[in-house]
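Accompanying notes for the structure given below.
The values are calculated or read from the model by the stated rules, or taken from the named source; none is laboratory data. Fair warning: this is a prediction, and the values are worked out from it, not measured in the lab. Here Cβ is always computed from backbone atoms with ideal geometry, including for glycine, and neighbour counts include all displayed protein chains.
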Amino acid sequence: MLNTRRGRLLKENLTAYAFLAPAGVLIFLFGLFPVAFAFFVSLHRWRRFPDSYIGLANYEKALGNLGYILFFWLALLAFAAAVRVSRQLAKTLRQSDFKLEAVPLLVGVICGYATLLALDWFFKLVPVIMLIPRQVRGQNVSLDLFMEKFGESFASPDVYAAGQMMLLGFALTAVALALVVWRFRTVSSAEVIVRGGMATAALLAAVFLLRLTIDETNLAIAAARESGESLPIWSQLVFVSAGIVLVASAWLIFQRGIRAQSNRRFALLAFGGLALAVGGYLLMAEAPAALAAADDDLLQGFWVTVMYAGGTVPVQLTIGLLLAYLLFQPIRFRSFFRMVYFIPYITPFVATSIVFRIIFDAGKTAPANRMLAIVGIEPQRWILERSSIGSLLGLPDFLAGPALALIVIMIYSTWTYIGYDAVIFLAGLGNISGELYEAARIDGASGWRIFRHITLPLLSPTIFFLSLVAIIGTFQAFTQIWILRTGAVGSKVNTASVYIFDELQNSNRYGYASSMAFVLFALILLMTLFQNRIMGRRVFYG
Amino acid sequence: MASDKAGMAPPTEAPRPPLDPWRIAIYAVLFAGVLIAIGPFLWMISASFMTLSEVNLTRLLPENLLWENYATALRRANFLDIEVVTHPETGVLQSLGVSGYIWNSVRITFITVTGSLLVCIPAAYAFARMNFIGRNFIFALFLSTMMIPGIVMLIPHLLTVIWLGRLSESLFGPAGAWFNNWPALTIPFFASVFNIFLLRQFFIQIPEDLWEAARIDGAGHPRFLISVVLPLSKAPIMTIVTLGFIGSWNALMWPLLVTINDEWRPIAVGLSNFVTADTPGDLNLQMAASVITVIPILALYFVAQKQFTEGISQTGIKS
């Protein structure tokens, strides 16, 4: 009986893994591994084939000294994560008998360490393997030759040493696991092992990041000193970090002030918060100095991205909501409207952009210019115009805003996404119970008040979701810009992603492009977290 | 899930109130929206029949319908080239050579969608209906890959594809190359976490009784999957097929990176090349080429509209 049950369980497990295997291999290759690999590439000089390890130099090239500061914060974050996992572990240990779990804990630590050893070996092996295509280039490629090179790469000194360490780690893990299975088999041991392993891995990763950052920073400072300059990374780090901390605490104090009961208390807190914010702002004035050596094209890319997001997201969400609200009224042809509004979203950018090129052509007869002529405005150069909208309107420099060409791209992008937003909003509106409207109407609420006090709050999860998707989308926006940009506007419309792609395809700077992609990734993550905290609190989940 | 409701009309099909000014205003706004949404397409179609000077003057309608624009565009943009060789005397078909961007896109789309179904269906089934060690952990790991922005993956994907290509080239000869060949354009998209997720949600809802009955009849998991689960899952499979179709048909960034000539380049790249090579040339031909590119997507959209809207409400993908 037991035997057949076991046999069936084993069979079910094996079938499941067989079912998962193809997807698992592909997702590992094209989903999980790439993240670690991109980070690895970003630490190297790498043009098509791996070159030398250069530490954080790519990040310095991208962000100047701020690159080091960023990594310092990243290391701190990794420490925070390690602490969090450790606290969960401590909680598990407290719930069970600590003495009994000491051995599984040790096993967990060994497992975590062995995992990192395996990673170390793997990433020492990768560059050697990556060189094989170059080594066999020109020769008559055969499987034997390829396999020979493949075998050789395992034997190269660095990889070999790391491999031995890894095997040692695996052997220790196997022994330790066997010990647990034999002697300490309890329900919570498995959990302790997993959490212990994760805590160890997180802690070691944090230590690695911190050491990398400090070593690289010291190296950079030493190099600068040798050439007779000074590189004030540490002081900048302290100033900028302190500035960020001050502004963040100012924000917290403001929040408390808003909730304060008495006016005096509110005034006091508001004043304190203001003082902190000003102090923080002054300290953060160091940030531009830290960015002095940064890649101007990348910084401009970020700025263009911010303008692009600011110009498209609110507009497209507002119009999308308006259309959805109108569609939700009792009207005829609802499904026709919905179908038509969706069309711009599903058609390829390449095809629709051509029409927009013609509408916003620089010629006098172009539709956009004809419309301007009706109102009596001079024809514009639209997608060929690199001057900013502010300077065209005669505004002072600090109100310059995006280039006119970027505005055209924004219009195009908004046109594409409105239908998508409207369809999702419509789904969200459909989820609101009709009874609420009924009740409000009986109470005599006007249309606007119903919208403001019932529809909007109950729709807030949808608004939150769409704004998150839209902002992340604009930070990754590529195709619509890549297609509509012209040589005449130069880099004025290049968002960060377009610049990264250019570096990759035209300059083959894989290492540098990877580091910039990582900076963009960090920014998107940060924004998501921020949006979750700020907006998530205002979302009303019925 | 909120998106389930996307295809459902709001419950207000009650007797229609009479037309008042407010209602007229609503219709006015909605029809203006229609005009803005499909105006560019209508003009695209109209311009594709015009002479070049008519396009340059941005006329609304052509004087004569120039159907030959389409033939010229197909040829000039290298969209489709069918070479039929028949025997000179008997007229029997000897060989049929099809090439061009449309053919490439059709091939790529077909391979991607088929491969994706073959890879994702078993995986989704395992997550939905089987018990195995580490199921939740692996599922969470899979899902976590959805959060990573595509631009971070671009370079590692490229390097992986180059390397795997070299390996398979030494295994299968030049035909096994990945770069500038179908594997680079299709295989990375086989294992779509979203597809797995979508199918899993559907498979979970299939009643347990069916499985009990099948097991009593002696069917194992593979058998149950093929003869019971799949016939019940036409709707999600259709969604995956349609989304996969748009994804491959519209793809631009990745094909630009991994192709160097026209042998496998998909239609979006082809159209983009045609337009850039032609600037500021024959706009009427560019319009015809655009219409040709858009038609398959629109046709599929009109046929499988429900799957489109629902699928996209659930993913928000656009490539």
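None of A:Arg225, A:Arg256 is modelled with pLDDT of 80 or more and basic (Lys, Arg) except A:Arg225. From the list B:Gly134, B:Gly91, the one residue that fits, being closer than 30 Å to B:His221 by Cβ, at pLDDT below 85 and either surrounded by fewer than 20 Cβ atoms within 10 Å (Cβ to Cβ) or of a type in the set (A, V, I, L, M) (or both), is B:Gly134. Residues in region B:263-293 that are farther than 24 Å from B:Met253 by Cβ and more than 9 Å from chain A (Cβ to nearest Cβ) were compared, and the one that is surrounded by the most Cβ atoms within 10 Å (Cβ to Cβ) is B:Ala288.
Considering (1) touching a Gly at 6+ places or on another chain (Cβ under 8 Å); (2) at the interface with chain B (Cβ under 10 Å from one of its Cβ atoms); (3) more than 19 Å from A:Trp482 (Cβ to Cβ), the lone condition that A:Pro344 does not fulfil carries the number (3). Does any residue of region A:348-367 turn out to be closer than 30 Å to B:Pro21 by Cβ, assigned to a loop (DSSP other than H, G, I, E, B) and either over 35 Å from the mean Cα position of the chain (by Cα) or modelled with pLDDT of 85 or more (or both)? Scanning region A:348-367, I find no residue that is closer than 30 Å to B:Pro21 by Cβ, assigned to a loop (DSSP other than H, G, I, E, B) and either over 35 Å from the mean Cα position of the chain (by Cα) or modelled with pLDDT of 85 or more (or both), so the answer is no.
Checked against (1) over 28 Å from A:Tyr113 (Cβ atoms); (2) of a type outside the set (D, E, K, R); (3) buried (at least 19 other Cβ atoms within 10 Å of the Cβ), A:Pro50 passes all but a single condition, namely (1). Exactly one residue out of A:Ala78, A:Ala38, A:Ala82 is buried (at least 21 other Cβ atoms within 10 Å of the Cβ) and either touching a residue at least 12 places away in the same chain (Cβ under 8 Å) or within 14 Å of another protein chain (Cβ to nearest Cβ) (or both): that is A:Ala38. Selection of region A:259-288 for residues being in a helix (DSSP H, G or I), of a type outside the set (Lys, Arg) and exposed (fewer than 13 other Cβ atoms within 10 Å of the Cβ) yields A:Asn263, A:Ala267, A:Phe271, A:Leu282, A:Pro288. Selection of region B:92-121 for residues being assigned to a strand (DSSP E or B) and within 26 Å of B:Ala77 (Cα to Cα) yields B:Ser95, B:Leu96, B:Gly97, B:Val98, B:Ser99. Looking only at residues of region A:350-401 that are closer than 27 Å to A:Phe302 by Cα and exposed (fewer than 13 other Cβ atoms within 10 Å of the Cβ), we find that the one that is nearest to the other protein chains (Cβ to nearest Cβ) is A:Leu393. Scanning region B:210-257 for residues that are within 16 Å of B:Ala124 (Cα to Cα) and of a type in the set (Val, Ile, Thr) turns up B:Ile226, B:Val228, B:Val229, B:Ile237, B:Thr239, B:Ile240, B:Val241.
Residues of region A:323-339 that are without any contact (Cβ under 8 Å) to a residue 12 or more places away in the chain and within 34 Å of the chain's Cα centre (by Cα): A:Met339 alone.
Whether a residue is under 17 Å from A:Leu326 (Cα atoms), within 8 Å of chain A (Cβ to nearest Cβ), touching a Pro at 6+ places or on another chain (Cβ under 8 Å) and modelled with pLDDT of 80 or more was assessed, and B:Ala37 passes this test. Within region A:368-400, the set of residues being part of a loop (DSSP other than H, G, I, E, B), modelled with pLDDT of 80 or more and either of a type in the set (S, T, N, Q) or within 21 Å of A:Thr474 (Cα to Cα) (or both) comprises A:Gln380 only. In the condition set (1) in contact (Cβ under 8 Å) with a residue 24 or more places away in the chain; (2) not in a loop (DSSP other than H, G, I, E, B), A:Arg452 is compliant with all but (1). Criterion first (within 10 Å of another protein chain (Cβ to nearest Cβ) and among the basic types (Lys, Arg)) does B:Arg107 satisfy it? For B:Arg107, the condition - within 10 Å of another protein chain (Cβ to nearest Cβ) and among the basic types (Lys, Arg) - is not met.
Considering every residue within region A:292-300, establish whether at least one is closer than 23 Å to A:Asn494 by Cα and exposed (fewer than 14 other Cβ atoms within 10 Å of the Cβ). Yes, region A:292-300 contains at least one residue that is closer than 23 Å to A:Asn494 by Cα and exposed (fewer than 14 other Cβ atoms within 10 Å of the Cβ). Within region A:396-436, the set of residues being among the hydroxyl-bearing types (Ser, Thr, Tyr) and either more than 26 Å from the chain's Cα centre (by Cα) or farther than 21 Å from A:Val469 by Cβ (or both) comprises just one member, A:Ser433. Filtered by the rule that a residue be under 23 Å from the mean Cα position of the chain (by Cα) and either assigned to a helix (DSSP H, G or I) or facing chain B (nearest Cβ under 10 Å) (or both), region A:492-507 gives A:Val493, A:Ala496, A:Ser497, A:Val498, A:Tyr499, A:Ile500, A:Phe501, A:Asp502, A:Glu503, A:Leu504, A:Gln505. Residues of region B:173-190 that are hydrophobic (A, V, I, L, M, F, W, C) and within 9 Å of chain A (Cβ to nearest Cβ): B:Ile187, B:Phe189, B:Phe190.
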